[in-house]
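Notes follow the structure.
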């Protein structure tokens, strides 16, 4: 393995030097794999031709042939990867470009993206697994790989920025030391006021640097949120805009081609607003609605399925209901008022999230056998709070910019909107803090953060047509509603919504829609029930809200059910336990400061929790039949001690994390109900069947395992050993070990019972 890593590093450096000097000491011999990519072999052929034209000795491992490169013929992906490994080991090639290969430690991944803010190309240098065991070293390696890639793609002097993750400042110091010692590094300047090469989120969006360096992007959820915007943008541009704003009828617009003023005219444009400004504003609204769904379905949804339903939301679901509200549809014709999207954006996303969470089912371990909800805290409260602060600030653009003008009377309206928006959010936050302080005896931090968003969601529809006093009342209700709503959905309905998206967006989207009918001061054309206008406007708001709920609920139920019964909606049990970062994206950990570990939910996982899993993958067949496995005799006995007291025995079992469910199920089947589970790291000294990578035996590393401990008296020790062996055996190295200990005594603290009696249930 070390030799391979050195070879890869030398190859990178040789290529970098060649690109910098324009002269290679020897032509690099690089292979390209043609199979296994979703882009098809033609894409690999094109890359091979481009590389050959730049002086690289190229070999394609695949099926296609071309005069500019050599071809090593293979029939399938397995043969292709074996051939690649063979050629690397023999030195026939210096390196290989491939996809979907289980890379070892020491590999950086560089991806080219087009930034949404300014449409600039940017190279993101992150990790596959990790490029080094130590974070700072990994980021430095990523920097070099990113510079090499950028230069290879035609950027002579690429600028480097470091994403503001843990270790960014240390990485900056190390890179500047390299710069001082002669390495040609050009640092970018952040777009924020204080500048510097350490980048924030807005720098990522605008493309403030050519190469953005990070450790590992935070896996599955980040990819899903990124795809919401990236999938939704072209979908809305191609189809959704026409459905929403095309001159159709009260239910459906008109698809007249891609979104442009030439195809759709300017009738829908507010005075003075250019078409392209209107398009991007509405595109962001569409993407916002789609991304709400990811939180409620987090940690258990297949990435491919997520991309499909996100596409459907942006393509059809949001545009049709948006046409009803903002595109001249039947709801708007009735006098329905939703200034900036409590109903059109947030409630649509919230209802879709609710339906998805219902069909998907709860996370493993979320509910006990009795149905009691178990708390699964978020991993990083600081980052969560930062997200709330960013959203709060950006909401002024969300609501205030919906005035579409900052001139004349619009300035007055915008000022009022800024006040009502901020006031509702602040009052909601205070209300939840006090409410949870009374209810839980301590102010709940995460719920209070959600309250800020709840207040913002609730005020979004009525922000232009309510007074500051009314905005404060709306905030009070939102602050209570989010707490009661989240608890009701979780504890009564037994619907697992990890981030409270349904409580924040669905329930408070409804409340904001209703609030227009209660508190409108007449700015929207009609006063509300509590401001002297009667119940007419309230009735219109309720009718419009129910129509949108029905549309989203029916369509998303159909979409989710089709996905569920075709490509599958939920990840397998094993994938969920291992984590979607690992199984869907090949990330060992998205949080480099933490070793791979089980969630808190796994620590209390029982066989009854398996009922919450929709689809369960079966274990692979053992590579060695169990009857041919090495037999190890146990000399433990269950005979009573010399004084006649029942013998107590402790059995400690070390096994793979993903086999924990099978083990606990097997133990419960033989009436072993009390277990202690510990997350551990370890390595073994097995001399059994070896495992190989590129023809070499895999080196011993500390690997994440679980230790399950039971103390037994009534249940025979041999029964426990046999049950554990049957549950854990695969024939692979790492199946685990079983340790048997004699126990001198057991004391139950609460009752003061000792020995046999202390082990029995009440």
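The values are calculated or read from the model by the stated rules, or taken from the named source; none is laboratory data. All values derive from a computational prediction rather than experimental measurement. Neighbour counts run over all protein chains shown; Cβ positions are idealised from the backbone, glycine included.
Considering the stretch 517-535, and only residues there that are farther than 21 Å from residue 472 by Cβ and loosely packed, with under 14 Cβ neighbours inside 10 Å, the residue that is farthest from the chain's Cα centre (by Cα) turns out to be 534. Considering the stretch 389-492, the qualifying helices (runs of 4 or more DSSP H), each wholly inside and each with 3 or more residues that are surrounded by fewer than 17 Cβ atoms within 10 Å (Cβ to Cβ) and free of Cβ contacts under 8 Å to residues at least 60 places away in the same chain, run over 409-440, 468-487. Against the numbered list (1) out of contact with any helix residue (DSSP H, G or I) (no Cβ under 6 Å at 6 or more places or on another chain); (2) assigned to a helix (DSSP H, G or I); (3) more than 17 Å from residue 323 (Cα to Cα), residue 294 comes up short only at (1). Screening the candidates 527, 494 for the property of being out of contact with any helix residue (DSSP H, G or I) (no Cβ under 8 Å at 6 or more places or on another chain) and assigned by TED's automatic domain parsing to the domain that holds residue 317 yields one hit, 494.
Per-residue answers, yes or no, for (1) more than 21 Å from residue 460 (Cα to Cα); (2) outside any loop (DSSP other than H, G, I, E, B); (3) at pLDDT below 85:
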residue	(1), (2), (3)
231	yes, yes, yes
237	yes, yes, no
251	yes, no, no
277	no, yes, no
283	no, yes, no
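Matching residues to (1) at pLDDT 85 or above; (2) in contact with a helix residue (DSSP H, G or I) (Cβ under 8 Å, 6 or more places away or on another chain); (3) closer than 19 Å to residue 667 by Cα:
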| position | (1), (2), (3) |
| --- | --- |
| 723 | yes, yes, yes |
| 729 | yes, yes, yes |
| 736 | yes, yes, yes |
| 740 | yes, yes, yes |
| 745 | yes, yes, no |
| 750 | no, no, no |
| 758 | no, no, no |
| 761 | no, no, yes |
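Within the stretch 316-339, not a single residue is surrounded by 24 or more Cβ atoms within 10 Å (Cβ to Cβ), within 28 Å of the chain's Cα centre (by Cα), modelled with pLDDT under 90 and under 27 Å from residue 259 (Cα atoms). Contact map, the stretch 132-146: first residue outside any helix (DSSP H, G or I), second residue at pLDDT 80 or above, Cβ cut-off under 7 Å, separation 6 or more or different chains; pairs are 132/141. There is at least one residue in the stretch 359-370 that is closer than 30 Å to residue 555 by Cα and assigned to a helix (DSSP H, G or I).
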